[in-house]
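Trainee: Let me give you the structure first, and then I'll get to my questions.
None of the figures in this text is laboratory data; all of them are computed from the coordinates on show. Note that this is a predicted model, so its numbers are computed, not measured. Methodologically, a virtual Cβ is constructed for each residue, glycine included, from the backbone with ideal geometry; neighbour enumeration extends over all protein chains shown.
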Amino acid sequence: MRTITGQVTTLDNSEPLEGVHIALGFMHDGAFSPYPNGTISDESGLFEFTYAQSGDGSDRVQFSHIGYESKLIQPGQLQTGQVNDIVMRPTTYDVSEVTVTAARFNMVPLVLILFGLGLMAAIKASD
């Protein structure tokens, strides 16, 4: 078992980054597949996790946070017994303009239909 500790900071101002999701997983067909366990960096950007190496070289550690580029690192590149520095690069996403409008729905026709159906069912039941 290996225990990895580190601190996640931002590239733009070297500030600690809280809430980074850190997942251990493996590469399969060119895509990252996380294992069910993971951890989150604390308010100081610090994290710690323990894992058993698979031995086949497919293990990866993924660091992800909204507003930052995800980072994949082979666990062997992370040192045990010292704090590893992980630097996250900010990113932006281009999205199309979104317009929100409100509309009023007239419930009267629906209520009349439901009332009529209920009335018809009551008449049939009394026959």
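Trainee: 222 nm [θ] for the chain, helices only, -39500 (n - 2.57) per DSSP H run of 4+, per residue, to 500?
Mentor: Roughly -5000 deg cm²/dmol at 222 nm, from the helical runs in the chain.
Trainee: Sticking with this one: Loop only by DSSP, 11 or fewer other Cβ within 10 Å of the Cβ. Give me the GluC sites (Glu not before Pro) in the range 19-88 that pass, ordered by residue number.
Mentor: E43
Trainee: Relative to the longest principal axis of the C-alpha atoms of the chain, give the angle of the C-alpha long axis of helix 108-126, reported between 0 and 90° and rounded to the nearest 10°.
Mentor: Compared with the principal axis, the helix lies near 60 degrees.
Trainee: Moving on. Using amide H atoms built 1.01 Å from N in the peptide plane, name the residues 5+ places from G6, or on other chains, whose amide H lies under 5 Å from its own.
Mentor: HN-HN under 5 Å from G6: F47, N84.
Trainee: Connecting C-alpha atoms closer than 10 Å in a GNM of the chain, tell me which of T99, T80, T39 has the biggest fluctuation.
Mentor: The residue that fluctuates most here is T99.
Trainee: What size of dipole, in debye to the nearest 20, comes out for the chain about its Cα centre when the only charges are +1 on Lys and Arg C-beta atoms and -1 on Asp and Glu C-beta atoms?
Mentor: 500
Trainee: If you count, for each residue, the other Cβ atoms within 10 Å and average over each peptide, how do 24-30, 88-94 line up from highest to lowest?
Mentor: Final packing ranking: 24-30, 88-94.
Trainee: List S14, S70, S41 from most exposed to least, where exposure is judged by having the fewest other Cβ atoms within 10 Å.
Mentor: Listed from fewest to most nearby Cβ atoms, that is S14, S70, S41.
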